[in-house]
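Engineer: One structure follows; several queries about it will come next.
The values are calculated or read from the model by the stated rules, or taken from the named source; none is laboratory data. Since the model is a prediction, treat every value here as computed from it, not as a measurement. All Cβ positions, glycine included, derive from the backbone under ideal geometry; neighbour counts span all protein chains shown.
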Amino acid sequence: MSLIQMLLTEMQQEANTTRKMLGQVPDDKYDWRPHPKSMTILQLTTHIAELPTWVTLVLATDELDFATSPYTPISVNNTAELLTLFERSLADGESSLSRATDEQLEPTWTLRNGDDIYSQSTKGAMIRVTFSQIVHHRAQLGVYLRLLNIPIPGSYGPSADELGL
């Protein structure tokens, strides 16, 4: 199996879990945050929903410089719009990845803010970091939902809620 096919398989598997988690967010909780230093549910879920587009970004560029390309999140107003954003982002990332070759994963990609370099790795490694970011932020969302007493869907097996615990 090629590296591209392995990455596509992983992307699709993680998308199933992400979709379930995003679908649990109630429309009336988007302004909630567990701590003043934490993102709101709206900020967190929008970031999760947009992250699959980073696959396209990594494959199409050599870097992202926040100093010259500041982040502006896409606006969503409810869970239906959030899921639509996620599906569009996923289709974008999968489409770019499916057209790529293993050789295109080899060049260096840089994440920076002006002169401050946050990370520098191969494009393939950065795509894996993107997947890890989705999983990381999805876990954060799980904590948010748990604190709001909202049932959590299972990720790699059934959750306590699905087991009735």
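Engineer: Does the stretch 8-18 hold any residues that are over 17 Å from His136 (Cβ atoms) and either within 11 Å of the chain's Cα centre (by Cα) or surrounded by 18 or more Cβ atoms within 10 Å (Cβ to Cβ) (or both), and which are they?
Structural biologist: Leu8
Engineer: Would you confirm, using the coordinates I've provided, whether Val25 is part of a loop (DSSP other than H, G, I, E, B), of a type in the set (Val, Ile, Thr), within 19 Å of the chain's Cα centre (by Cα) and surrounded by 15 or more Cβ atoms within 10 Å (Cβ to Cβ)?
Structural biologist: Here the answer is yes, as Val25 does meet what is asked.
Engineer: Out of all the residues in the stretch 58-72, which are more than 14 Å from Met11 (Cβ to Cβ), touching a helix residue (DSSP H, G or I) at 6+ places or on another chain (Cβ under 9 Å) and among the hydrophobic types (A, V, I, L, M, F, W, C)?
Structural biologist: Answer for the stretch 58-72, where residues must be more than 14 Å from Met11 (Cβ to Cβ), touching a helix residue (DSSP H, G or I) at 6+ places or on another chain (Cβ under 9 Å) and among the hydrophobic types (A, V, I, L, M, F, W, C): Ala60, Leu64.
Engineer: Right, another one. Among the numbered conditions (1) without any contact (Cβ under 8 Å) to a residue 40 or more places away in the chain; (2) at positive phi, tell me where Glu162 comes up short.
Structural biologist: Among (1) without any contact (Cβ under 8 Å) to a residue 40 or more places away in the chain; (2) at positive phi, Glu162 violates only (2).
Engineer: Residues to consider are Arg128, Arg88; find the one that is out of contact with any helix residue (DSSP H, G or I) (no Cβ under 6 Å at 6 or more places or on another chain) and in contact (Cβ under 8 Å) with a residue 40 or more places away in the chain.
Structural biologist: Arg128
Engineer: Same structure again: Pairs under 6 Å by beta carbon, first residue over 19 Å from Ser155 (Cα atoms) and of a type outside the set (A, V, I, L, M, F, W, C) in the stretch 1-20, partner assigned to a helix (DSSP H, G or I) and modelled with pLDDT of 95 or more, six or more apart or different chains?
Structural biologist: Ser2/Asp102
Engineer: So which of Arg88, Arg146, Arg128 ends up being surrounded by 14 or more Cβ atoms within 10 Å (Cβ to Cβ) and either more than 20 Å from Gly23 (Cα to Cα) or polar (S, T, N, Q) (or both)?
Structural biologist: Arg128
Engineer: Counting only residues that are out of contact with any helix residue (DSSP H, G or I) (no Cβ under 8 Å at 6 or more places or on another chain) and in a helix (DSSP H, G or I), which one in the stretch 96-113 is surrounded by the most Cβ atoms within 10 Å (Cβ to Cβ)?
Structural biologist: Looking at residues that are out of contact with any helix residue (DSSP H, G or I) (no Cβ under 8 Å at 6 or more places or on another chain) and in a helix (DSSP H, G or I), I get Arg99.
Engineer: Just to be sure I understand the filter: pairs with C-beta atoms under 8 Å, separated by 6 or more residues or on different chains, first member in the stretch 57-78 and exposed (fewer than 11 other Cβ atoms within 10 Å of the Cβ), second member of a type in the set (A, V, I, L, M, F, W, C). Which pairs pass?
Structural biologist: Asp62/Trp109
Engineer: Turning to a different aspect of this structure: Is there a residue in the stretch 50-61 that is more than 27 Å from Thr110 (Cβ to Cβ), among the β-branched types (Val, Ile, Thr) and more than 13 Å from the chain's Cα centre (by Cα)?
Structural biologist: No, that holds for no residue.
Engineer: Now a separate question. In the set Pro26, Pro52, which member is touching a Gly at 6+ places or on another chain (Cβ under 6 Å) and touching a residue at least 60 places away in the same chain (Cβ under 8 Å)?
Structural biologist: It is Pro52.
Engineer: Being part of a helix (DSSP H, G or I), touching a helix residue (DSSP H, G or I) at 6+ places or on another chain (Cβ under 8 Å) and among the charged types (D, E, K, R) is the filter; apply it to the stretch 28-56 and report the residue that is surrounded by the fewest Cβ atoms within 10 Å (Cβ to Cβ).
Structural biologist: Lys29
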